[in-house]
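A short worksheet on the structure shown next.
Read-outs: derived from the displayed coordinates by stated rules, not from any lab. Here the structure is a predicted model, which means the values were calculated and not measured. Reconstructed Cβ throughout: ideal geometry from the backbone, glycine too, with neighbour counts over all protein chains shown.
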Amino acid sequence: MMGGDRETVIRVEGLGKRYRLGQREPIYYRTLRDSIARHLGRGLRKAARLSPLVKKHQDDHGGGDGQRWIWALKDVSFEVKKGEVVGIIGRNGAGKSTLLKILSRITEPTEGRVEMHGRVASLLEIGTGFHPELTGRENIYLNGAILGMKRAEIDRKFDEIVAFAELERFLDTPVKRYSSGMYVRLAFAVAAHLEPEILLVDEVLAVGDTAFQKKCLGKMGDVAHEGRTVVFVSHNMGAVENLCQCGIVLDRGQAVYIGGQIDAVSVYLRSLADKTLSLRDRTDRQGTGAVRVVGIEFRDTSGNLLNSVPCGTDIDVYLHFEAEGEFPRRYVTAGVVFKTQLDTPVFQHNNRLTGQDFGPLPTGGAFVCRLRRLPLTPSVYRVAYSIRAGEECLDTISDAAELTVVEGDFFGCGLVPPSTHGVCLVEGRWRLEADTPAPSI
Amino acid sequence: MEKVVIEPSSGWIRLKLRELLAYRELLYFLAWRDIKVRYKQTALGVLWILVQPFAAMVIFTFVFHRFAKIPSGDVPYPLFALCGILPWNYFSGSMNRATGSLVGSSHLITKVYFPRVVIPVSSVLTGWVDFGIASLLLAGLMVYYRVIPGGGLVLAPLFLLMAMMVALGVGLWLSALNVQYRDVGYLMPFLSQAWMFLTPVIYPTQLIPESLRWVYGLNPMVAVVEGFRWAVLGTPLEMGSLWASLVAAFLILFSGLLFFQRMERGFADVI
């Protein structure tokens, strides 16, 4: 990818993967496909109208009713040289996971070809195959075997794995008695001791606390320094900038940028700001779709639409929605998350936190959240929303809108701190106490 | 250096048995996991392996021998029944486990690559342990009835091997179908029950009219149960139906492998 005379270890040519819209099954189940199409035809056609990506595809085996497909990945080609660490970025639904699943041989491509030279290991999650009834010791062997380690290899690395996980005392305890932290530590320890020549990693690092993430990032860095080739899918732009030398930006199934990681990140961030798609037409949403948010607006308390918001003002966040289909229209939770450009969440709000219930939902309208004295420093923030009914996700988009915050008088004295010292503004007062003694230690 | 090529596959493909061999350690660990976990958190634990066939034997003896007057030739009926129950339990347990195995391992299938056939194969292997332990019951009963097995006993494992082939073959078909149609799960109890009545577990083959024997023999489990009984108790064995059963067993296994590999590539997308 970046030139040089090192050998190419991954070569991807014209890779594509097609799914039937609304179904996850690929194209070769001809008979099943037809039967399901008849049942779901109406719903699918409705959804298909909303998606610009979907091409009408006449069924060449008769039947007459058109089939609709979506290309999760289309015509992606790139090469990775030995020892490179490549970050794959893109918003939800851009095809990152599909690409990684094809490279991991979990799912088959519809077209194209991949050639990889060397022993491949993929980590789409950690702790795959852990059995809660088995002990830590037993799970190390089981998980290692599932990840492709040979028994002798696990024997050899066993002590190292246990030491890395810091779980010596709990080796013979069933993992169902582990805390979630211990569980993750054990799982990562096994994964970290894989020694493939090519490592494919999905956002494994999105688990655990910050200290643990740091340890994992450090281990990833080690991997890269050992001359191993790594393909890394991530939402964490900081990790991509620090760990990778190259970046591939996917957008709606296509590779829109291939090159250095710094440029890739900025291409990605710019693409987020690109407002070519209205919310109604977005295809990167997840959830059942029983409720769909079709527009997001920020208004002041008198109802005037705002393009930018001065910090410290009261605003209303409008989530305009449409509801259809049969679902329990009660106990619906609407929530928003405000995030920085690097995808770090700053705060969230939802009506479960405030203990409010909307009652039975109408077929259309808006969820409105009043935010008092917006506590954000001037910058551009990304807004995610989710609509849930109980535990079920109805609709969510992780980069649904942007909020531009401009300078405003949060503290009431005309000064606005720069966002380099934190993105959050907190109310507070200072005072001076002259005679208070210093703490003795 | 290892080379991996990923391309869309098309049509019927050759059997990838060599790959299965390469993943034999995973096969071993999955089977080992299932055996370890099976009787965890049960009060009786491994005793269940003995309790189940014993209870079935007692019930069958009362219902089918005492009340329904089903004959068992020169052999005491409880012994006759147990010799049918053991291979049958191995078969139906393995078939059921194999059928549910893919759906039960969906967390693996969507996250890691390995030849999927490892999953149903490991689930028909675990039954051997249960069978081995349950055989102690049979040995005990033979001592009780003072029955001495002939030299045919050494062939008994071969019939069990045949049961494994059939269980795997059917398991491959049904587990792959189960990925798409969960209806299979509802079908299983009927299938097991109907199949048992078509197999000489509780009655001797001699009750089947001569003219129908060859059709009857197409059920490969007929040869498994008859053969096992012949090996242990020396009851008569018909060679004609044995060959028919053997051919049927091979066909089921071979077609199962082909069908499974045809469907395999879509598992992660559908499951």
**OP:** Write down Rg/Rh for the stretch A:91-214, rounded to two decimals, with Rg from the C-alpha atoms and Rh from the Kirkwood relation over Cα pairs.
**Re:** 1.00
Original post:
Taking K and R as +1 and D and E as -1, what net charge do the other residues with C-beta under 12 Å from the C-beta of B:E264 add up to?
Top reply: +2
Subject >> Within 10 Å of each Cβ in B:104-114, the average number of Cβ atoms from other chains >> reply: 6
Original post:
What order, most packed first, do the peptides A:171-180, A:430-439 have when packing is the mean number of other Cβ atoms within 10 Å of each residue?
Top reply: A:171-180, A:430-439
Original post:
Considering the dipole of the stretch B:127-261 built from charges on the beta carbon (Lys and Arg +1, Asp and Glu -1) around the Cα centre, which of B:A139, B:A163, B:W195 is farthest to its positive end?
Top reply: B:A139
Original post:
Which of the DSSP-defined H helices in chain B satisfy a minimum axial length of 30 Å, computed from C-alpha atoms, and a minimum mean Kyte-Doolittle hydropathy of 0.5?
Top reply: B:77-104, B:156-180, B:239-264
Subject >> Compactness index (Cα Rg / 2.2 N^0.38 Å), the protein assembly as shown >> reply: 1.18
Original post:
Just going by the charge dipole of the protein assembly as shown, with Lys and Arg at +1 and Asp and Glu at -1 on Cβ, which of A:N304, A:V190, B:V232 is farthest out on the positive end?
Top reply: B:V232
Original post:
For peptide B:38-45, how many partner chain Cβ atoms fall within 10 Å of a residue's Cβ, on average?
Top reply: 1
Original post:
So, by mean Cβ neighbours within 10 angstrom, what's the order for B:177-190, A:251-264, A:368-381 with the highest one leading?
Top reply: A:251-264, A:368-381, B:177-190
**OP:** For the stretch A:406-418, take each phi angle, set θ = phi - 60°, evaluate the Karplus expression 6.51 cos²θ - 1.76 cosθ + 1.60, and give the result in whole Hz per residue in order, putting x for glycine and proline.
**Re:** 10, 4, x, 8, 5, 8, x, 9, x, 9, 10, x, x
**OP:** Would you mind giving the mean number of other chain beta-carbons within 10 Å of the Cβ of each residue in B:25-35, as a whole number?
**Re:** 5
**OP:** May I ask for the net charge around B:F159, where only other residues with Cβ less than 10 Å from the Cβ of B:F159 are counted and Lys, Arg are +1 while Asp, Glu are -1?
**Re:** 0
Original post:
In the stretch B:73-153, which trypsin sites (Lys or Arg not before Pro) fall in coil by DSSP and have 10 or fewer other Cβ atoms within 10 Å?
Top reply: B:R146
Subject >> Lysine pair count for chain B [Cα-Cα under 30 Å; pairs on different chains or 8 or more apart] >> reply: 6
Original post:
Using the reciprocal of the averaged 1/r over all distinct C-alpha pairs, how large is the Kirkwood radius of the stretch A:279-414 in Å?
Top reply: 15.4 Å
Subject >> Proximal aspartates and glutamates to A:K82, defined as alpha-carbon separation beneath 20 angstrom and excluding residues fewer than eight positions away on the same chain >> reply: A:D5, A:E7, A:E13, A:E115, A:E195, A:E197, A:D202, A:D222, A:E226, A:E241, B:E2
Subject >> the stretch B:68-168: chymotrypsin sites (Phe, Trp or Tyr not before Pro) falling in loop per DSSP and having at most 14 other Cβ within 10 Å >> reply: B:Y145
Original post:
Which of the residue pairs A:K101/A:K176; A:K74/A:K96; A:K101/A:K339 have a Cα-Cα distance greater than 20 Å in the structure shown?
Top reply: A:K101/A:K176; A:K101/A:K339
Original post:
For A:P174, what is the net charge nearby, where nearby means another residue's Cβ is under 12 Å from its Cβ and Lys, Arg count +1, Asp, Glu -1?
Top reply: +2
